[in-house]
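These notes are about the structure you will find just below.
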Amino acid sequence: MVLILSEHQDASTVEVLKWLNHFGITWIRINEDDEVRFDCLEFAGNQLAGLVITINGKPLNLVEVKSYWYRRGWLHYGAQYISGKISNHSLVNENMHQYLQEELDNVMEFVHRYLQSEKQCINSYLSAKNNKTYYHYVASKAGFDLPDTLIATQKKDLERFSDESGRGSLITKSINEMFSFTHDGKCYRNLTNEVRQSDIQEGNKVFYPTLFQTYVEKFFELRVFYILGEIYSMAIFSQLNAKTQFDFRNYDHEYSNRNVPFILPASIAQKVKVFMAEIDLNCGSLDMIVTADGRFVFLEVNPVGQFGMVSNPCNYYLEKRIAEILSQ
Amino acid sequence: MSDKIVFRLFSSCLLTAGSTRALICDPQRGNYYTIPLSLYSIIAEQKKASIEETLAICEDQEEAEILKSYFNFLLEHELIFLCREDLADNFTPIKYEFDVPAIIANAIVQIGKKAEYLVDTLAQLKLLGCQAFELVVMTDCPLSFLSHILELCKGQELDEVNLYIPFNPETDYEALIEEYCFLSSVTICNAPTNEEIFLNGDSCTLRFSTKDLRDHRHCGIIAEKYFIPDLVHHSESLQHNTCLNRKIAIDVNGNIKNCPSLNESFGNIKDITLEEAICQPHFKKYWNINKDQIEVCKDCEFRHVCTDCRAYLEDPSNVYSKPLKCGYDPYTCTWEDWSKNPLKENIIIQYGIHSIE
Ligand code: SF4
Ligand code: SF4
């Protein structure tokens, strides 16, 4: 049986499930909005004899799971047992609740660890946090070309960074993930923006930690989907279209980007493998830029990125591939 | 490393050579363009040449000028791009693999008076992985009957349903479509007008037709407006029949067929399961007849954007014959009205198509 942890809205999961059905493989999908409870864990005769959780009240013995795909989301087990008052003192209550929560967190972390180490598995909940700054550091150690990057809080550091010769123009983008929300029918979100000299001059002396990066002139972008040592890449030509020069997520629907399959040079493919092993992810989407002079510049990795946007234009059948891996 | 800049076709643009001219299909932008064969061979060779080098081998100035205007056209429509020579080979062609997670991918179900076997049929189709359903109500269709059918579909959680029903002045079709959001299209037959309305944020088309499109003899027409410039379609067409591959039909009497217009029955839904019908030796006989095997089509530049029909053929005795209802001639590159072609008159009568117009 295949276990999948995903999100209610995720369309890629639905496609993979169609393939699993087609292959005649039974599966269980848990979404972030399903109610999960810990039920029982037992060691007997020096081994794990049972590990049972319930999903919306239905028991699932994880020992019987053969393969596991962490697509996205989390196990929603928050409220278990922790209701009602333990004492009349709120401080005692708070601490007791915290104690109980930590007890449960410990065993639930084991659930994740058990699934990702004992099963044929794709991706991992415990490694899926998008540690962009750390990943940037690991990428440098893996030998990737990287854009010069500054996360600073003071104007003087930014000025020095910007003045350094040969840097060209700067951009700013989020240190952490993309962020967006809607209010009053208006959508607020962070995008990648150019930082002009005048922005620096007019800016405050001290500011909130902000990321700056040299703008890398791209010939095209690369989206690289990595899964258990296999690499599927797609070139995205967005610059034919001046409007999307800084971020292709500013979609221009009239003249869409060109998305075509691409084979990474062997040396770059090797770096991808080293990098993914180092950050302990067996699946993820990497973003790179290829410059006009043929350099491959690493930008970021997204552990739970959308792979449908690579699979469809390139005819890679990644959904089928994932289902095959889970069926093994 | 060399700094030579070569031109390359975006591999998302699909080339097809016909006997007289060729086609560049651009699925990512939903377009296609016919081009001369001479240009086709220059692009298809992928010789890693620069535009200048290619122009230099032209025989004379006039030829060079023409080729230059072709290059301008290709660049302007972003069909080719310029690239460093050392990266050119990393732009690999698309693999034309085709597969769907389904034993049966699309079904035509004709529905009679009581819709007796409908639930069971839909449930079986779901298990076979069927994704697209064409439901055709062959009898009168009062609102109560229609609601009954739609509730059955809802119960089976179908997601792509195309419905054909007879016109009924009392039905509020727009309200119905709003309620049943899984409907992809609803075609109202024998309506007083011809009209098309897009609903549910364009996810459903409500079509009124003065014809009785439930009569399957209307099917099988080949025309440019039905062309499908799409990567999946292109890939499927290289190996399979783009109409009949993984298709099943259950006619109004419960007979299981390849399509309602093909006479052969593989049993009745009352007696056998769909799976049993599919397992019969001849059930899949059309599935792998592709355009490269079909007379005339194999010389046509449109063959991988085109649809197909195996029920109405120019030569009914030859299963590889060109579709009867195609008026295109790939040797002269001209369209004519197929139904007025005197050579087709007898066959049209033989198929009984003349009486429905
Ligand atoms: S074979 Fe012809 S008549 Fe039958 S469904 Fe296909 S196009 Fe229509
Ligand atoms: S000849 Fe007609 S049916 Fe055949 S591929 Fe060309 S347009 Fe389609």
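Enumerate the calculated ³J(HN,Hα) couplings along the stretch A:218-229 in order (Karplus 6.51 cos²θ - 1.76 cosθ + 1.60, θ = phi - 60°), each rounded to whole Hz, writing x wherever the residue is Gly or Pro.
Those phi angles translate into 9, 7, 7, 9, 10, 10, 10, 9, 10, 8, 6, x Hz.
Going toward the positive end of the dipole of the stretch A:148-214, with +1 on Lys and Arg Cβ and -1 on Asp and Glu Cβ, which of A:Gln197, A:Ile151, A:Thr182 do you reach last?
A:Thr182
Considering the stretch B:91-244, what Rg and Dmax in Å follow from its alpha-carbon atoms?
Rg and Dmax of the stretch B:91-244, Cα atoms, are 16.8, 58 Å.
Estimate the FRET efficiency between A:Asp293 and A:Thr149 by the formula 1/(1 + (r/R0)^6), using the beta-carbon distance for r and 25 Å for R0, to the nearest 0.05.
My answer for the efficiency is 0.80.
Given Cβ point charges of +1 (Lys, Arg) and -1 (Asp, Glu) and nothing else, what value in debye, to the nearest 20, does the dipole of chain B about its Cα centre take?
Dipole about the Cα centre, nearest 20: 960 debye.
In the stretch A:148-214, how does Rg compare with the Kirkwood Rh, expressed as the Rg/Rh ratio over alpha carbon atoms?
1.03
Could you compute the FRET efficiency for B:Glu179 and B:Leu37, with r as their C-beta to C-beta distance and R0 at 41 Å, rounded to 0.05?
0.20
Given H placed on each backbone N at 1.01 Å, which residues far from A:Ile151 in sequence or on other chains put an amide H within less than 5 Å of it?
Sorted by chain and number, the residues that satisfy this are A:Phe212.
Need one value for A:313-325: mean number of C-beta atoms belonging to other chains within 10 Å of its residues' C-beta atoms.
The shielding value for this peptide is 3.
Could you give the distance between the Cα centres of the stretch B:316-357 and the stretch A:103-141, to the whole Å?
63
Which distance in nm do the two modelled labels at B:Lys95 and A:Ile175 give, with both placed 7 Å along the Cα-to-Cβ direction?
4.2
For peptide A:257-266, what's the mean number of Cβ atoms from other chains within 10 Å of each residue's Cβ?
5
Got a sec to turn the phi values of the stretch A:139-152 into Karplus ³J(HN,Hα) couplings, 6.51 cos²θ - 1.76 cosθ + 1.60 with θ = phi - 60°, whole Hz, x for Gly and Pro?
Along the stretch A:139-152, the couplings run 4, 5, 5, 6, x, 6, 6, 10, x, 4, 9, 9, 10, 9 Hz.
From the convex hull of the Cα coordinates of the stretch A:2-126, what is the mean projected area in square nanometres?
Reported value for the Cα convex hull: 9.2 nm².
From the Cα gyration tensor of the protein assembly as shown, with a ≥ b ≥ c the square roots of its eigenvalues, which class applies: rounded if a/c is under 1.5, or else prolate if a/b is larger than b/c, or else oblate?
Oblate shape, in that a/c is at least 1.5 and b/c is the bigger or equal ratio.
Straight-line reach from B:Lys68: which lysines have a Cα under 28 Å away, not including same-chain ones fewer than 8 places off?
A:Lys218, A:Lys243, B:Lys4, B:Lys47, B:Lys48
Under the classification rounded if a/c is under 1.5, otherwise prolate if a/b is larger than b/c and oblate if not, where does the stretch B:1-98 fall, given a ≥ b ≥ c as square roots of the Cα gyration tensor eigenvalues?
oblate
Could you give the distance between the Cα centres of the stretch A:283-320 and the stretch A:168-227, to the whole Å?
20
When the chain is fully extended, how far beyond the present Cα-Cα distance does A:Val52 get from A:Ile231, taking 0.36 nm per residue of separation?
Taking 0.36 nm per residue and subtracting the Cα distance, the gain is 60.9 nm.
Given the C-alpha atoms of chain A, compute the convex hull and give its volume per residue in Å³.
208
Which net charge results for the neighbourhood of A:Ile175, defined as the other residues with beta-carbon distances under 12 angstrom from its beta-carbon, given Lys and Arg at +1 and Asp and Glu at -1?
Taking every Cβ under 12 Å from that of A:Ile175, the sum is 0.
Just to confirm a number: summing +1 for Lys and Arg and -1 for Asp and Glu over residues other than A:Ala142 whose beta-carbon lies under 14 angstrom from that of A:Ala142, what do you get?
-1
GNM, chain A, Cα, under 10 Å: largest mean-square fluctuation among A:Lys119, A:Lys205, A:Lys85?
Of A:Lys119, A:Lys205, A:Lys85, the most mobile in the Gaussian network model is A:Lys85.
What does the C-alpha gyration tensor say about the overall shape of chain B? Classify as rounded when a/c is under 1.5, otherwise prolate if a/b is larger than b/c, or oblate.
prolate
Taking each full run of DSSP H in chain B as one helix, which ones are at least 20 Å long along their axis (Cα atoms) and have mean Kyte-Doolittle hydropathy of at least -1.0?
B:61-76
Near the amide H of B:Leu244, under 5 Å away, which other amide H atoms are found, from residues 5 or more places off or on another chain, if H is placed in the peptide plane?
The list, which skips near neighbours in sequence, is empty: none.
Through the Karplus equation 6.51 cos²θ - 1.76 cosθ + 1.60, θ set to phi - 60°, convert the phi angles of the stretch B:156-168 into ³J(HN,Hα) values in whole Hz; use x for Gly and Pro.
Along the stretch B:156-168, the couplings run 8, 6, 6, 10, 10, 10, 10, 10, 10, 9, x, 5, 9 Hz.
Hey, in the GNM for chain A with a 10 angstrom Cα cutoff, which one of A:Ile231, A:Ile200, A:Ile25 fluctuates hardest?
It is A:Ile200.
If amide hydrogens are placed 1.01 Å from N in the peptide plane, which non-local residues have theirs closer than 5 Å to the one on A:Asn31?
A:Ser6
With a point put 7 Å past each Cα toward its Cβ, work out how far A:Val206 is from B:Ile197 in nm, to one decimal.
6.5
Just want the ordering: B:Cys300, B:Cys204, B:Cys243, from fewest to most Cβ atoms lying within 10 Å of their own Cβ.
The order, fewest Cβ neighbours first, is B:Cys243, B:Cys204, B:Cys300.
Could you give the length gained by full extension between A:Ala269 and A:Thr133, i.e. 0.36 nm per residue of separation minus their alpha carbon distance, to one decimal place?
46.8 nm
If you place +1 on the Cβ of every Lys and Arg, -1 on the Cβ of every Asp and Glu, and leave all else neutral, what size is the dipole of chain A about its Cα centre, to the nearest 20 Debye?
Around 440 debye, computed over chain A.
Here, each number is a calculation from the coordinates, and none is a lab measurement. As the structure is a prediction and not an experimental result, all values here were calculated from the model. Heads up, the Cβs are rebuilt from the backbone with ideal geometry, glycines too, and the neighbour counts pull from every protein chain shown.
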